[in-house]
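Enquirer: For reference, the structure I am asking about is given below.
Please treat every number below as a calculation from the coordinates, not as lab data. Worth saying up front: this structure is predicted, and the values here are computed from it rather than measured. Cβ placement follows ideal geometry from the backbone for every residue including glycine, while neighbour counts extend to all protein chains displayed.
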């Protein structure tokens with residue numbers, strides 16, 4: 001380097017120094033605002049704090065009285081204004097991403113308060129106040145101490161339900177009232193039976209006695225709330241539940257950063273539906289061309305473990321799936337700590353088929369991860385046991401394990417913990433990214449040869465086995481595509497619950513009861529379209545990233561990069577991973 005070049009470099013560095021210090025100052029200002037927001041956010045949502053592993057929130061219940069709700073809404077509005085004053089181009093790149101993640105989180109909460117009017121319009125919000133499994137599912141401190149905290153939370157349940165009676169509108173959406181009645185009664189039964197059984201191991205008689213009395217009153221108040229809804233709200237309930245097209249579009253834009261009109265997303269979803277139905281039908285022909293596809297799939301569902309082998313078989317298969325992920329360099333698995341396959345605890349079996357229970361990102365003691373599988377109950381009839389086990393047929397069970405554990409949610413959690421994700425990135429997550437990743441993995445694993453013959457073209461038996469996996473994966477995709485279509489149709493095109501029920505029956509081949517359950521869920525969880533939306537966004541990102549990298553493309557590198565930035569909207573991942581700014585907005 002010549003003296004002149006060295007001199008110019010020194011001048012450049014000195015000129016840059018004030019700008020760097022300025023950026024550091026703005027970053028520090030933003031981080032201070034973010035920390036202030038998070039504290040207030042968790043103060044209003046203390047159960048979330050406990051779930052995150054921040055145990056200073058243990059024993060605290062949310063306050064839903066009118067003054068508290070109004071105060072939280074005003075706080076959200078203030079922080080929305082404060083965050084708008086930060087210019088992303090004045091922040092470091094990483095901090096600018098955190099700013100936008102936080103802005104989407106605030107936007108989502110404001111939408112819930114102002115547009116959906118959750119606390120005035122949705123009785124489910126109050127009916128689910130007994131969702132306190134965290135206190136008995138995870139052992140971060142001795143059971144007696146956790147029960148003391150649990151007792152303090154349960155003591156507030158009657159007040160939460162009194163607030164609900166005060167806050168709720170005179171006329172409520174009928175589907176939400178019907179669901180809330182069912183949930184409140186189920187919650188009361190849960191407290192009276194399963195919660196009591198879970199606390200049975202407590203030896204301290206004073207702790208047990210106090211809990212028993214508080215638990216009894218909490219259960220009574222839930223039963224009373226269900227009766228009140230049934231007598232006071234159900235008779236005058238309205239069939240209207242939709243949030244409307246304009247709100248739906250704004251929700252997508254502000255919380256997932258997706259500006260594509262809902263009708264265009266619906267068009268894409270309907271096209272994908274036809275493709276998956278064809279995959280389902282073509283796979284069925286490989287297995288048995290003489291029968292309709294739905295009958296072929298029912299035959300496949302009969303191939304399942306015996307009841308006593310359900311947990312051991314799923315555990316063994318989970319190890320095989322994990323090995324496949326590692327051996328085929330699909331994504332890095334940052335830890336040798338395995339997810340433990342266990343029976344779903346009794347207190348959680350009413351609503352859970354299979355689920356991944358990972359510790360909160362700030363948990364330091366109860367760090368085990370459990371993959372829960374709900375077994376048959378001993379008192380079920382032989383027919384009920386058989387019907388339940390069909391859902392755990394070998395092919396669907398493996399697809400579910402891919403979604404929940406490897407390389408789905410559990411690997412997602414491992415990357416979050418091992419990465420240098422910020423506090424914001426560990427607390428706030430995109431629905432579409434979280435569920436989209438797990439759903440994407442189902443298809444991606446089959447694309448990478450899982451379940452296929454080791455040496456193509458394979459024997460007829462191997463071809464049939466691969467076709468069974470394709471049918472199982474297509475079945476899961478059709479369910480999620482049906483959710484996408486019904487969410488948009490119900491909330492922007494006045495589709496009724498009955499019409500949505502028929503849609504699920506016709507398009508993902510569900511029986512009437514589970515189809516209606518899916519339709520009812522869509523009346524309040526309009527975001528359940530995000531399983532498919534996130535999957536499609538990730539597939540598009542992969543295509544664009546592959547085109548960018550050319551011969552240097554590595555699927556493992558792509559997946560690691562996707563998982564090493566927290567849980568942001570996929571739109572932000574496009575900005576992080578794609579060099580061509582023109583492609584940032586092309587999410588689908």
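Enquirer: What share of all Cα pairs of the range 251-533, in percent, falls into each consecutive 10 Å distance bin?
Expert: 6, 25, 35, 26, 7, 0
Enquirer: With label points built 7 Å along Cα→Cβ from the Cα atoms of residue 73 and residue 546, find their separation and express it in nm.
Expert: With each label point 7 Å from Cα toward Cβ, the separation is 4.8 nm.
Enquirer: Rounded, prolate or oblate: pick one for the range 302-350, where a ≥ b ≥ c are the square roots of the eigenvalues of its C-alpha gyration tensor, a/c under 1.5 means rounded, and failing that, prolate if a/b is larger than b/c, else oblate.
Expert: oblate
Enquirer: Right, another one. Using a Debye calculation, one point per C-alpha and no hydration shell, please list log10 I(q)/I(0) for the range 271-399 at q = 0.14, 0.19, 0.20 Å⁻¹ in order.
Expert: Here the Debye-derived log intensity ratios amount to -0.83, -1.18, -1.21.
Enquirer: If you don't mind, another one. If we sort 80-86, 550-556 on the protection proxy, mean other Cβ atoms within 10 Å, highest first, what's the order? Please list the in-between numbers first.
Expert: On the way: 80-86: 14.3, 550-556: 10.6.
Highest mean packing first, the order is 80-86, 550-556.
Enquirer: Once all Cα-Cα distances of the range 21-115 are split into 5 Å bins that start at 0, what whole-number percent is in each one?
Expert: 3, 12, 21, 21, 18, 13, 8, 3, 1
Enquirer: How high is the relative contact order of the range 30-130, given as a whole-number percent (alpha carbon pairs under 8 Å, six or more residues apart)? All intermediate terms of the calculation are to be shown ahead of the outcome.
Expert: Numbers: 52 pairs, mean separation 19.5, N = 101.
In percent, rounded to a whole number, it is 19.
Enquirer: Quick one: which of 432-442, 560-570, 61-71, 323-333 comes out on top by average Cβ neighbours within 10 Å, and what's the full order, highest first?
Expert: 432-442, 560-570, 323-333, 61-71
Enquirer: Taking the Cβ of each residue in 504, 353, 211 as the centre, tally the other Cβ atoms inside 10 Å and list the residues starting with the fewest.
Expert: Working: 504 25, 353 13, 211 22.
Sorted ascending by nearby Cβ count, the order is 353, 211, 504.
Enquirer: By the gyration tensor of its Cα atoms, with a ≥ b ≥ c the square roots of the eigenvalues, what is the shape of the range 48-164: rounded for a/c under 1.5, prolate for a/b over b/c, or oblate?
Expert: oblate
Enquirer: While we're on this one: Of the beta bridges DSSP finds with both residues in the chain, what % are antiparallel, to the nearest 5?
Expert: Numbers: 4 of 9 bridges.
Bridges in the chain that DSSP calls antiparallel: roughly 45 percent.
Enquirer: Once label points are set 7 Å from the Cα along Cα→Cβ at both residue 579 and residue 28, what is their separation, rounded to one decimal in nm?
Expert: 3.5 nm
Enquirer: Compute the Rg/Rh shape ratio of the range 99-220: radius of gyration over Kirkwood radius, all on alpha-carbon atoms.
Expert: 1.06
Enquirer: Which of 227, 125 comes first, and how do the rest follow, when ranked by fewest Cβ neighbours within 10 Å?
Expert: 227, 125
Enquirer: Among 315, 587, which comes first, then next, by fewest other beta-carbon atoms within 10 Å?
Expert: 315, 587
Enquirer: With an 8 Å cut-off on Cα pairs and a minimum separation of 6 or more residues, tell me the relative contact order of the chain in percent.
Expert: Numbers: 767 pairs, mean separation 87.0, N = 588.
With pairs under 8 Å counted, the relative contact order is 15 percent.
Enquirer: Compare the peptides 92-101, 265-274 by average per-residue count of other Cβ atoms within 10 angstrom and give them in order, highest first. Mind dumping the intermediate values first?
Expert: Working: 92-101: 19.1, 265-274: 16.8.
Ranking the peptides 92-101, 265-274 by packing returns 92-101, 265-274.
Enquirer: So what's the chain giving for Rg/Rh, alpha carbon basis, Kirkwood Rh from the mean inverse pair distance?
Expert: Answer for the chain: 0.97.
Enquirer: I need to check one value: relative contact order of the range 73-156, counting alpha carbon pairs closer than 8 Å and at least 6 residues apart, in percent. Intermediate results must be reported in sequence, preceding the final value.
Expert: Details: 30 pairs, mean separation 17.8, N = 84.
Contact order relative to length: 21 percent.
Enquirer: Treat each spin label as a single point 7 Å out from the Cα along the C-beta direction, and report the residue 303 to residue 349 distance in nm.
Expert: If labels sit at residue 303 and residue 349, their model points lie 2.8 nm apart.
Enquirer: OK, next. Assuming R0 = 30 Å, can you tell me the calculated FRET efficiency for the pair residue 561 and residue 270, based on Cβ-Cβ distance, to the nearest 0.05? Can you show the working numbers first?
Expert: Working: r = 31 Å, r/R0 = 1.05.
Between residue 561 and residue 270 the formula returns 0.45.
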